[in-house]
Amino acid sequence: MARHTSEFLRQRSSNMSLRMAASSVLATSRLSSFANPADFETKPTMAEAEKAIIIGELKMRRDVMLCDSCYRDLPDTVADSLSLELTNDRSLCSACIVMSSKPEAFTQPFCDFLRENPTVFHAVDYFKTKATSLGYKELPPREDWAGKIEAGGKYFVTRNGSSTIAFTVGKAYKPGNGVAIIAGHIDALTAKVKPVSKKSATAGYVQLGVAQYAGALNETWWDRDLSIGGRVIVRDETGKTTSKLVKLDWPIARIPTLAPHFGVGMMGQNNKETQAVPIIGLDGPTPGSADSKAAELLGPAGSFVSTQPPKLVRLISKELGVKDYSQIVNWELELFDLQPATVGGMDKEFIFAGRIDDKICSWAAFHGLLASDQKDDDGTIKLVALFDDEEIGSLLRQGAKGNFLPSIIERTVESLCGEGKSFGPGIIGQTYANSFLVSADVTHAVNPNFLSRYLEDHAPRLNVGICICNDSNGHMAEAQLKRLMAQPAEGESSDRWSSLLSKLNPVPRFPEFTGPYKVGTVDIEIPVCDLESPAPAPENAAEIETIQFRVFYPCDSNATGKRIAWLPAPQRDYLSAYIKFLGVGAFLAQATSFLPRHLHFTTIPVVDNAPILKPQTPNGRWPTMIFSHGLGGSRNAYSQIVGSLASNGVVVFCPEHRDGSAIASIIKVPYQQNRLFARGTKRMIPYLQIAHDATDEVHEKRNAQLQIRLWELGLLHEAILSIDEGEKLMNLNKNASSLDHFSKQLQVHDPGSIIFGGHSFGATSVVQFLKSVFYAGRPELEAMETPLYTPNWESPICRQVTPQNVTILLDMWCFPLLAKSTKSLFNLALPVYAPSDSSSEPPGGNAVLAIESEDFFKWREQLHTTARILSPDPSALVVAPRTDINTPHFFYVKRSAHLNQSDFALLFPWLTRKVFGSAAPGRSLRLNLRAILQVLRVNDIPVAGTRSADLVDNRSKDTKPNPSDGETASLRKGDVCTDDTVILEHEGNRIKDDDTGVDELVQAWRWIDIIGMGENIDGEGKAKEKDGKGKGAVEGLGEMESHMAGVIEPSASASADRKVDLETAGVFAAGERDTTE
């Protein structure tokens, strides 16, 4: 990146400005270097980038960075006024940061606002100026508003210069529609200058007569640097009066305390009239000056200026450029603390400032209104009201108890009625009935030094969400609705509330991980050419020039830093892709309406770029896992399960596949990252929607995706080895720190040491990858016309994959495994069942954990095919009993959906519950974590003990299934279970004929016995005749695939078919859905 002036940039573009050159090619605004122009509308009157510059007050900054897209959108006059730096990274673009509503974009502007607008009059003038610059029109209160307000318009009104109301009218507004209101106040505790403020000199001091406003002039005002400001009424030569704002930028006053050794306590009930009088100077001329006019009257007796300190009159007149003192006919001045607002704390997580009550809520609400967009179907009036006089009871006409707000609403509705609708009490009543008001003010956070002063469970904490005030005596707004909105989005006991909360206040907070270790993360993108691939690149991977992955790992407990956003950058592209993936239908209308607010602010509870913790394991290395995502996933989409594993001592590498199965993926073109402009430096791989029809063409498309996925997994393994060996790799993610701290920390070199896992299509990829590597060179694979993956026998990955690799398969999607061209691969068993070169027996099913959702469990063909794949001999039509080898750990979670295995269940609880019929969204993740940790333990992989918070699903609280084999999983709060035998218990969790769940060991957790399952099994476990009366699982899976498409890929069906053939229930006697939360 290089810093250039706007003039220099224009010279580089020859005779045409960069924006004109861009518009001649693209003819649109807000285009990224990888966007499709057809996806964008005509350029609006004010570009988003210009709007962001105004809202974020970027003109006032010297460190403005703009991406080429935002720069092209700016008018020349705006761009010329900026001292800017161009960047090819949109995550660093100042305008993009503002538009994505990141908190760091608003911290400094808010601090500047507090410093530059110390009085209520300055605050109103600030809001008025900013609204005008964004196209808001001022409505004069004394004029007729008929015909001046229209749908789609933006307006503001002021009263007394100390209160303001701004609002927008929805484009689809109809008389009687509601008003969405946020109200706050902008006055603050202060000391106001008295009407007669001149006081007789006392002991050589000039003092100022002030009166406390609300609770001011207490001990917190003593010994502070106080300045003065407000508004001054000036009458010119023609007799016209105007109001002018004034503020001094240096301290002129101080309220001195009495030194403590005088023996008089300063913390008692001091007389504010006599003992809290500010001193503003010394009596008489300033020492060393010739000024002797201080004592002269500046106006005739009885005039306003004659009642004020002469020096103060001269000072204010000089600031305003008033030469005739008698022109000042009045003023409303007040004292304010001159100490500027700033950020503080070790992580700069605090804002230290005066007058934060209630300017923080008012400023945020007003900027939220300014930044809001209007949609064509928006029929609401959005309104922000900022009042004066709240600190003294809101009693005056510019206060909340005056008629300011109702008069503005009623006059607005009257104007919008026009001639087509008669205005009257009926319309007004309907408007108020459809309206909603949020009264936004600050409250006192808990003081850790005085905890005894607070009610139990009612001590507001900082940075954990909004605080809802409640008064049982009815002095606050309606308490029941507020308590409803205050219910936590997490917590299984309040699931029936959380779905509604997700619609009312849809910004969920992921729960903290329960393991003993803090979790760090780093985002990595490495050029493919820097890695030695174990196998040739697929033909369809020519434009995949990098591999990208995120690492979750245990980090130092003292590590500090910001959380990462769940939605990867660029957020707009990922957001659009998620909306399309979820499907835009009637049942998702509410979900998609809040997706932008919902996802932009959602963060993962990890520390970005934190140093890895020194391994707490016997061999001094962390267990390491590779986890592959499913359709519509990303490197962040499974943060809750992989982050939980990291908190328990596992380093997890999460690749983002570039085969078109990720929700979206951005490839940074290597060696193009230092270009001045972003165009040509990135390439987007969009989500590729493939039909779910059982045809050879569809299977080959899925195989093409698998070829890329397996190739990427091989490259990822090479990258992991290089990182652990301390090799210097080019990480195209410039925000990431050095990877040196990973050196010699990972358990990845011993054969069979890496854990492989995946969800859905990711589990499919893991199965095909392990088989392709382990059986490489086998004649049946060599005979495949188009193999999925052919690694070199001498490559490290072939040494790594052995029967010892623990394999985790979450809701494995079997359909892609059934291609005719890969049948020979299907018939081979997972490596865990293969004879080992060593003398030890293969672990068999003991090293396999497969977990199904109820969606996949009740999909009969899918379930039976999964059983064959998990068996020691997938080529057999029926899974036969074996006494010489362990059966796999195969379970399903009752009332769980396919999406429950990922973060979607916590992000969209309403969607997964109402559409996919799941319950208790956190339960699936909790049970998955328990099972994975225990499988790792039984395979001698060191991990932390399971916390009691994750054991709440145990049904038998005071017993343990086998005391001799392991400790009980029923623990007191805070205890740790180091051998959670209950979760892998087969018989105790078996599905019974009368499956009421009363005698189950773990709630909603069922073991699936694969013996007897397979190709032609009917509902009673009897063999079927292939005479047309019935079809086997593999045959039927292809036919049912299209019916179940909406479960795997929501956008593939407007409403997933919930009436799945439940013939499987006859085999397993699956009962009705568990209603226990």
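The values are calculated or read from the model by the stated rules, or taken from the named source; none is laboratory data. A quick note: this is a predicted structure, and the numbers were derived from the prediction, not measured. As a convention, Cβ positions derive from the backbone with ideal geometry for all residues, glycine included, and neighbour counts pool all protein chains shown.
Values as computed for the structure displayed
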{"quantity": "Those residues of the stretch 309-329 which are polar (S, T, N, Q) and either more than 22 Å from D283 (Cα to Cα) or at pLDDT below 90 (or both), in sequence order", "calculated": "S326, Q327"}
{"quantity": "Among residues of the stretch 518-530, those that are at pLDDT 95 or above and over 12 Å from I667 (Cα atoms), counted", "calculated": "6"}
{"quantity": "Of the criteria (1) within 33 Å of the chain's Cα centre (by Cα); (2) surrounded by fewer than 23 Cβ atoms within 10 Å (Cβ to Cβ); (3) outside any loop (DSSP other than H, G, I, E, B), which one N733 fails", "calculated": "(3)"}
{"quantity": "Meets criteria (at pLDDT 90 or above, over 30 Å from L370 (Cβ atoms) and in contact with a Lys or Arg (Cβ under 9 Å, 6 or more places away or on another chain)) for V193", "calculated": "no"}
{"quantity": "Index of the failed condition, W222 passing every other in (1) of a type in the set (A, V, I, L, M, F, W, C); (2) touching a helix residue (DSSP H, G or I) at 6+ places or on another chain (Cβ under 7 Å); (3) modelled with pLDDT of 80 or more", "calculated": "(2)"}
{"quantity": "Close pairs (6 angstrom Cβ cut-off, 6 or more residues apart or separate chains): modelled with pLDDT of 95 or more in the stretch 940-958, buried (at least 18 other Cβ atoms within 10 Å of the Cβ) and assigned to a loop (DSSP other than H, G, I, E, B) anywhere", "calculated": "V943/N648; V943/G649; A944/G515; A944/N648; A944/G649"}
{"quantity": "The stretch 679-703 residues that are under 14 Å from S661 (Cα atoms), paired with ones that are surrounded by 18 or more Cβ atoms within 10 Å (Cβ to Cβ) and among the hydroxyl-bearing types (S, T, Y) (beta carbon under 6 Å, 6 or more apart)", "calculated": "I685/S665"}
{"quantity": "Which listed residue is buried (at least 24 other Cβ atoms within 10 Å of the Cβ) and over 19 Å from L984 (Cα atoms), from L825, L817", "calculated": "L817"}
{"quantity": "Single residue of G178, G161, G152 found to be assigned by TED's automatic domain parsing to the domain that holds E419, farther than 24 Å from G429 by Cβ, in contact with a helix residue (DSSP H, G or I) (Cβ under 8 Å, 6 or more places away or on another chain) and surrounded by fewer than 21 Cβ atoms within 10 Å (Cβ to Cβ)", "calculated": "G161"}
{"quantity": "All positions within the stretch 178-206 that are part of a loop (DSSP other than H, G, I, E, B) and either farther than 24 Å from V329 by Cβ or aromatic (F, W, Y) (or both)", "calculated": "G178, I186, A188, L189, S200, A201, A203, G204"}
{"quantity": "Selection count, the stretch 746-766, where residues are buried (at least 23 other Cβ atoms within 10 Å of the Cβ) and not hydroxyl-bearing (S, T, Y)", "calculated": "11"}
{"quantity": "Yes/no for S422 being surrounded by 14 or more Cβ atoms within 10 Å (Cβ to Cβ) and small (G, A, S)", "calculated": "no"}
{"quantity": "Single match in Q374, Q430 (criterion: assigned to a loop (DSSP other than H, G, I, E, B) and of a type outside the set (G, A, S))", "calculated": "Q374"}
{"quantity": "The one condition in (1) outside any helix (DSSP H, G or I); (2) more than 30 Å from D357 (Cβ to Cβ); (3) modelled with pLDDT under 75 that G147 fails to fulfil", "calculated": "(3)"}
{"quantity": "G209 vs. criteria in contact (Cβ under 8 Å) with a residue 24 or more places away in the chain and assigned to a strand (DSSP E or B)", "calculated": "yes"}
{"quantity": "Every pair of residues 6+ apart whose Cβ atoms lie under 7 Å, when the first sits in the stretch 613-626 and is free of Cβ contacts under 8 Å to residues at least 24 places away in the same chain while the second is surrounded by fewer than 19 Cβ atoms within 10 Å (Cβ to Cβ)", "calculated": "none"}
{"quantity": "Count of residues meeting criterion [part of a helix (DSSP H, G or I) and within 20 Å of the chain's Cα centre (by Cα)] in the stretch 607-645", "calculated": "6"}
{"quantity": "Any pair with Cβ under 7 angstrom, 6 or more apart, that starts in the stretch 389-410 at a residue that is farther than 18 Å from D144 by Cβ and assigned to a loop (DSSP other than H, G, I, E, B) and ends at one that is modelled with pLDDT under 85 and acidic (D, E)", "calculated": "L395/D389; L396/D389; Q398/D389; G399/D389; G399/E390; A400/E390"}
{"quantity": "Any hit, the stretch 281-288, residues being touching a Pro at 6+ places or on another chain (Cβ under 6 Å) and at pLDDT 85 or above", "calculated": "no"}
{"quantity": "Output for the stretch 886-922, where each listed residue is within 30 Å of P831 (Cα to Cα), at pLDDT below 90 and among the β-branched types (V, I, T)", "calculated": "none"}
{"quantity": "Odd one out for R496 among (1) modelled with pLDDT under 75; (2) over 23 Å from the mean Cα position of the chain (by Cα); (3) not acidic (D, E)", "calculated": "(2)"}
{"quantity": "3 or more residues in contact (Cβ under 8 Å) with a residue 24 or more places away in the chain, more than 23 Å from K247 (Cβ to Cβ) and not small (G, A, S): qualifying helices (runs of 4 or more DSSP H) within the stretch 62-126", "calculated": "68-73, 76-80, 94-99"}
